[in-house]
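Please read the structure below before turning to the comments.
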Amino acid sequence: MALAVVLQLLTLCELPPPFCLVPPASYPKPWLGAQPAAVVTPGVNVTLRCRAPQPAWRFALFRAGESEPLLLRDVSLELAEFFLEAVAPAQGGSYHCCYRRLDWGPGIWSQPSDVLELLVTDLLPRPSLVALPGPVVAPGANVSLRCAGRLPGMSFALYRVGLAAPLQYRDSAQRWADFPLLGARAPGTYSCYYHTPSAPYVLSPRSEPLVVSSDDSSSLDYTQGNLIRLGLAGLVLATLGVLVVLDCCSRSSALDQALP
């Protein structure tokens, strides 16, 4: 039985047995990128580029959920390009690529590249906006507003109600961007949005508004303390005034009794 399996495998090899090799698992995987971007609007031409660590013979582009390659390219180079013309939203999804060499057996491919998420849409998902550590700022403290989207590598803008232009702008490699605010100037109503960092630009709608307020409890306690101190001072002054009046009255009475 084992001999029959070996003979069957040898008949599948395109080259003599010494060259029908399986690449080691540690063999470097290729890299997959998208031009002009991984997030595009419908109708844009997209090129997916698969780059191998050394010259290869054949490249294959795979899409998640499909067992057969979506596209094949035979090139004796380190780079193969796969063209997707006038992409539609249905063409969005997860892609990866592999490569192989002539001295590998049939059906033997390299380790797959990291997954590339291609998004074809007119509008990015709405971001969220939160205040860290919280939306109530104590006197003298600072606050940071975090605008979080669904995709990494986007450009973020923070808006404040009453201002037409963005208050702050950030490019981030993460799925979010943080906007620091000084505590004294923090109170207000804010919103944010994000977009692709290069053309063709795809925008998100604005986040829900976030209200940042100041914590007046400490200042209120300070005011109440001042009022209490002023009240005590007034009470002391009133008491002293009463004592002075009583002393004057007693002196006047004693003087009247001493006169004939």
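Screening segment 55-130 for strands (runs of 3 or more DSSP E) wholly inside it with 1 or more residues that are without any contact (Cβ under 8 Å) to a residue 12 or more places away in the chain and over 21 Å from the mean Cα position of the chain (by Cα) returns the ranges 71-74. The number of residues in segment 136-150 that are assigned to a loop (DSSP other than H, G, I, E, B) and surrounded by fewer than 17 Cβ atoms within 10 Å (Cβ to Cβ) comes to 6.
Based on this model, can you work out whether residue 188 counts as outside the structural domain of residue 84 (by TED's automatic domain parsing) and more than 30 Å from residue 84 (Cα to Cα)? Spelling it out, residue 188 is indeed outside the structural domain of residue 84 (by TED's automatic domain parsing) and more than 30 Å from residue 84 (Cα to Cα).
Tell me, which residue of segment 41-50 that is assigned to a strand (DSSP E or B) and out of contact with any Pro (no Cβ under 6 Å at 6 or more places or on another chain) is surrounded by the fewest Cβ atoms within 10 Å (Cβ to Cβ)? So the residue we want is 47. One residue stands out among those in segment 75-90 that are at pLDDT 95 or above and touching a Lys or Arg at 6+ places or on another chain (Cβ under 9 Å): the one that is surrounded by the most Cβ atoms within 10 Å (Cβ to Cβ), which is 80.
Here residue 171 meets each of (1) within 15 Å of residue 128 (Cβ to Cβ); (2) of a type in the set (D, E, K, R); (3) exposed (fewer than 12 other Cβ atoms within 10 Å of the Cβ) with one exception, condition (1).
The values are calculated or read from the model by the stated rules, or taken from the named source; none is laboratory data. Here the structure is a predicted model, which means the values were calculated and not measured. Cβ coordinates were reconstructed from backbone atoms using ideal geometry, including for glycine residues, and neighbour counts include every protein chain displayed.
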